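Reading through the structure tokens given below for one structure.
What follows is calculated from the coordinates using simple rules that are stated; it is not laboratory data. Predicted, not measured: the structure shown is a model, and the values here were computed from it. We place every Cβ from the backbone using ideal geometry, glycine too, and count neighbours over all the protein chains shown.
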Amino acid sequence: MPAKSDIAGNEFQRIRLEFPEVAMELLFLGTGTSCGVPQIGCDCEVCTSSDPRDKRLRSGAVVRGGGVSIIVDTPPEFRLACLKYNVARADAVFITHAHMDHIAGFDDIRRFNTLNGDHPIPCYAAEETIADLHRIFPYITSKPNTEGLYRPQIEFTPVAGAVRVGGIEVTAVPVVHGPRTNGYVFECDGRRMAYIPDCREIPDASLEKLHDLDVLVLDCLRGDEPRIHPTHMTLSLSLAAAEKIGAKRTYFTHACHRVLHRDFEKLLPQGVALAYDGLIV
């Protein structure tokens with residue numbers, strides 16, 4: 001499952017999102033931490049970098065294959081990322097956890113209701129995460145909207161094990177972060193890919209689900225200085241987890257403004273790379 005770069009002449013090309021010829025593709029809608037990069041009011045080397053790989057929207061992704069297109073998290077810039085990368089289909093939504101940098105754009109799912117013929121869209125998450133989504137977005141409904149109203153139509157389903165969406169089987173992978181948090185394993189036509197953007201620790205029971213991966217996407221907030229972070233993996237923890245899991249290819253995501261792409265990649269071993277917005281693997 002090789003990576004395909006979309007950088008040309010230091011500018012992003014537009015990506016036409018159709019179903020891939022390979023078993024699955026993952027598009028990174030964003031690869032940044034909760035503040036995004038650049039941060040407001042910061043003139044550090046990363047925030048002022050001209051390298052497009054250092055411009056990071058908040059983290060989210062699209063997984064496509066098996067005849068379906070799956071949204072993973074709806075960050076604050078979800079609408080902008082969908083426009084930038086021509087995302088016009090959502091057959092299901094999976095939410096990792098209820099921090100605002102992963103759910104603040106959830107209201108924009110309503111546009112996909114229209115594109116889907118005004119049908120509800122299934123959304124899968126941990127039971128606690130669904131409760132938080134109902135609390136934050138109390139107007140969400142699974143029923144057709146009355147005339148003049150424009151609200152997300154969502155069918156929520158708690159997920160603790162495996163579910164199937166089209167030709168993709170999705171397995172929840174609980175991890176330690178803060179609130180109840182799931183990573184997810186996506187399997188299609190014998191290919192396996194895991195997406196774990198926010199994580200401080202992976203319990204042994206969850207590690208057992210991360211076997212035989214073609215691709216692992218894993219939290220790596222920054223290097224270990226000035227200190228190990230209490231809720232996110234930093235470089236040494238991310239590298240140790242990647243080595244233990246042993247995926248064919250690993251991509252780090254959820255990076256903050258202490259991570260200059262060109263320098264950080266020099267710290268990574270063969271088989272490990274730093275993801276960037278718009279990357280397709």
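Set the Förster distance to 45 Å, then compute FRET efficiency between Leu83 and Glu243 from the Cβ-Cβ distance, nearest 0.05.
Working: r = 38 Å, r/R0 = 0.84.
Result of the calculation: an efficiency of 0.75.
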Roughly how tilted is helix 235-245, in degrees to the nearest 10 and between 0 and 90, from the longest Cα axis of the chain? 70
Between Arg227 and Asp51, 0.36 nm times their residue separation minus their Cα-Cα distance comes to what? 60.7 nm
Starting from the Cα of Lys266, draw a straight line to each of the aspartates and glutamates and keep only those under 18 Å, dropping any in the same chain fewer than 8 residues away. Glu45, Asp51, Asp54, Asp219, Asp224, Glu225, Glu243
Quick check for me: using +1 on Lys/Arg Cβ and -1 on Asp/Glu Cβ, what's the dipole size of the stretch 21-274 about its Cα centre, in debye to the nearest 20? 300
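Can you give the helix-only mean residue ellipticity at 222 nm for the chain, where every DSSP H stretch with n ≥ 4 adds -39500 (n - 2.57) and the sum goes over all residues, rounded to the nearest 500 deg cm²/dmol? Kindly include the intermediate steps, with their values, before the conclusion.
Numbers: 7 runs with 47 residues, N = 281.
-4000 deg cm²/dmol, from helical runs alone.
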Using the alpha-carbon atoms, what tilt in degrees (0 to 90, nearest 10) does helix 127-136 show relative to the longest principal axis of the chain? 70
State, to one decimal in nm, how far the label point of Glu201 lies from the label point of Glu155, with both points 7 Å from Cα in the Cβ direction. 3.8
In terms of Cα to Cα distance under 29 Å, which lysines are near enough to Lys209, apart from those fewer than 8 places away along the same chain? Lys4, Lys244, Lys248
Give the residue from Leu213, Val68, Thr231 lying farthest towards the positive end of the charge dipole for the chain; charges sit on Cβ (+1 for Lys and Arg, -1 for Asp and Glu) and the dipole is referred to the Cα centre. Val68
Name the residues whose placed amide hydrogens come within less than 5 Å of the amide hydrogen of Arg191, ignoring near sequence neighbours (fewer than 5 apart) on the same chain. none
Points 7 angstrom from Cα along the Cβ direction at Asp189 and Glu21: gap in nanometres? 1.1
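How big is the antiparallel share of DSSP beta bridges in the chain, given as a percent to the nearest 5? Kindly include the intermediate steps, with their values, before the conclusion.
Values: 33 of 58 bridges.
Roughly 55 percent of the beta bridges in the chain run antiparallel, per DSSP.
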Cβ-based charge dipole, the chain, positive-most Cα from Ser142, Asn116, Val163: Asn116
What whole number of Å gives the distance from the Cα centroid of the stretch 197-258 to the Cα centroid of the stretch 62-112? 22
In the list (1) -0.42, -0.65, -0.92, -1.19; (2) -0.30, -0.48, -0.70, -0.97; (3) -0.37, -0.56, -0.78, -1.02, the entry giving log10 I(q)/I(0) by the Debye sum over Cα atoms at q = 0.08, 0.10, 0.12, 0.14 Å⁻¹ computed from the coordinates is (2)
How high is the relative contact order of the chain, in percent, counting Cα pairs under 8 Å that sit 6 or more residues apart? 20
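State, as an integer percentage, the relative contact order of the stretch 217-280 based on alpha-carbon contacts under 8 Å between residues 6 or more apart.
Values: 73 pairs, mean separation 22.7, N = 64.
Dividing the mean separation by the residue count of the stretch 217-280 yields 35 percent.
For the pair Glu169 and Asp118, what calculated FRET efficiency results from E = 1/(1 + (r/R0)^6), where r is the Cβ-Cβ distance and R0 = 30 Å, to the nearest 0.05?
Efficiency, from the Cβ-Cβ distance: 0.60.
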Set Lys and Arg Cβ to +1 and Asp and Glu Cβ to -1, take the dipole of the chain about its Cα centre, and tell me which of Cys44, Leu57, Leu80 lies farthest positive. Leu80
For Gly183, list long-range residues whose amide hydrogen, built 1.01 Å from N in the peptide plane, is under 5 Å from its own amide hydrogen. Val173, Val175
Quick check on packing: order 186-197, 240-251, 34-45, 134-145 by the mean number of other C-beta atoms within 10 Å, highest mean leading. 186-197, 240-251, 34-45, 134-145
